[in-house]
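Have a look at the structure below, then the notes.
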Amino acid sequence: MQLYHSTTSPYVRKVRVVAIEKGLDGEIELVDALPWPDPSLAATRNPLGKVPALVLDDGSSLYDSPVICEYLDVLGGGQPLLPPNGPSRWAVLRTQALADGVLDAAVSIVMERRRPIPLQSLEATERATGAIQRGLSVLAEEVSSSPTAPFDLGRIATAVAIGYLHFRLPDLDCGLGDHRLASWWSMIRDRPSLAATTPFVSTP
Ligand SMILES: N[C@@H](CCC(=O)N[C@@H](CS)C(=O)NCC(=O)O)C(=O)O
């Protein structure tokens with residue numbers, strides 16, 4: 001399998017963490033497909049021109065990250081990261097959706113900050129910051145209510161969202177300093193799957 005990726009994308013990181021947790025990382029070849037400024041390589045595998053896209057051995061592609069994560073979870077067998085049915089499945093999917101939504105808001109702020117200053121919208125940034133604050137508050141409640149719960153897909157997405165905020169928006173007043181999040185993060189941040197996927201800006 002090939003994973004069209006970039007070293008900074010949190011959605012790619014989520015997929016890579018899942019692959020490592022499922023023992024599948026050795027079967028995945030990484031293909032550099034940074035979609036900024038030019039999405040054309042990513043678009044050969046995902047019409048939206050985004051990463052991640054996973055190319056399967058039959059040549060077909062899967063996207064976006066929740067779909068790829070579920071595929072790898074099933075492929076890897078063993079203890080599921082996403083329960084196959086029942087209330088716990090919906091809870092994990094909801095947490096993943098919330099953490100991914102925090103990421104969407106964070107990425108929108110990063111993009112806004114890259115625009116020329118006169119074109120930047122304070123209103124858009126404040127709106128996205130509010131979404132992150134509310135999202136992190138719920139995620140903090142979840143992780144603190146069961147700090148040693150299994151590292152399932154919801155927890156993986158939560159960890160990736162925290163990691164991305166530290167990486168790209170450490171100055172943003174968004175609730176990242178919440179002691180419940182900070183203490184969970186310090187407990188899990190050195191997990192091998194997270195350590196091996198720490199984001200970095202690759203130099204050309
Ligand atoms: N919902 C998608 C989001 C993927 C996404 O937005 N990826 C970013 C990189 S962080 C991207 O490729 N952006 C390029 C673009 O928006 O043109 C997923 O979960 O995979």
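The values are calculated or read from the model by the stated rules, or taken from the named source; none is laboratory data. Not measured: the values here are computed from a predicted model. Positions of Cβ are backbone-derived with ideal geometry, glycine not excepted, and every protein chain shown enters the neighbour counts.
Annotations for the structure displayed:
- Residue match in region 10-20 (condition: surrounded by fewer than 16 Cβ atoms within 10 Å (Cβ to Cβ), within 13 Å of the ligand (Cβ to nearest atom) and either in the same structural domain as residue 159 (by TED's automatic domain parsing) or of a type in the set (Val, Ile, Thr) (or both)): no
- Evaluation of residue 123 against the conditions (1) among the acidic types (Asp, Glu); (2) farther than 21 Å from residue 14 by Cα; (3) assigned by TED's automatic domain parsing to the domain that holds residue 22; (4) part of a helix (DSSP H, G or I) shows that the sole unmet condition is (3).
- Filter pass, residue 74 being within 9 Å of the ligand (Cβ to nearest atom) and free of Cβ contacts under 8 Å to residues at least 12 places away in the same chain: no
- Annotation: residue 5 fulfils all but one of (1) buried (at least 18 other Cβ atoms within 10 Å of the Cβ); (2) closer than 24 Å to residue 141 by Cβ; the unmet one is (2).
- Test result for residue 48, more than 30 Å from residue 145 (Cα to Cα), touching a strand residue (DSSP E or B) at 6+ places or on another chain (Cβ under 8 Å) and not small (Gly, Ala, Ser): no
- Flag if residue 109 is within 13 Å of the chain's Cα centre (by Cα), in a helix (DSSP H, G or I) and either within 8 Å of the ligand (Cβ to nearest atom) or more than 21 Å from residue 149 (Cβ to Cβ) (or both): no
- Matching residues, region 119-130, being touching a helix residue (DSSP H, G or I) at 6+ places or on another chain (Cβ under 6 Å) and surrounded by 18 or more Cβ atoms within 10 Å (Cβ to Cβ): 128
- Restricting region 48-61 to residues that are in a loop (DSSP other than H, G, I, E, B) and small (Gly, Ala, Ser), the residue that is nearest to the ligand (Cβ to nearest atom) is 49.
- Qualifying residue in region 64-87 (condition: over 15 Å from the mean Cα position of the chain (by Cα), farther than 22 Å from residue 163 by Cα, buried (at least 21 other Cβ atoms within 10 Å of the Cβ) and not assigned by TED's automatic domain parsing to the domain that holds residue 105): no
- Any hit, region 100-114, residues being more than 30 Å from residue 40 (Cβ to Cβ) and either of a type in the set (Gly, Ala, Ser) or modelled with pLDDT of 95 or more (or both): no
This table checks each residue for (1) β-branched (Val, Ile, Thr); (2) farther than 23 Å from residue 93 by Cβ.
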{"position": "121", "(1), (2)": "no, yes"}
{"position": "124", "(1), (2)": "no, yes"}
{"position": "129", "(1), (2)": "yes, yes"}
{"position": "150", "(1), (2)": "no, no"}
{"position": "157", "(1), (2)": "no, no"}
{"position": "165", "(1), (2)": "no, no"}
{"position": "172", "(1), (2)": "no, yes"}
{"position": "183", "(1), (2)": "no, yes"}
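- Subset of region 25-47 [near the ligand (Cβ under 10 Å from one of its atoms) and either under 13 Å from residue 9 (Cβ atoms) or basic (Lys, Arg) (or both)]: 33, 34, 35, 36, 39, 42, 46
- Members of region 170-188 found to be touching a Ser or Thr at 6+ places or on another chain (Cβ under 8 Å) and more than 16 Å from residue 157 (Cα to Cα), listed by number: 172, 173, 174, 175, 178, 180, 183
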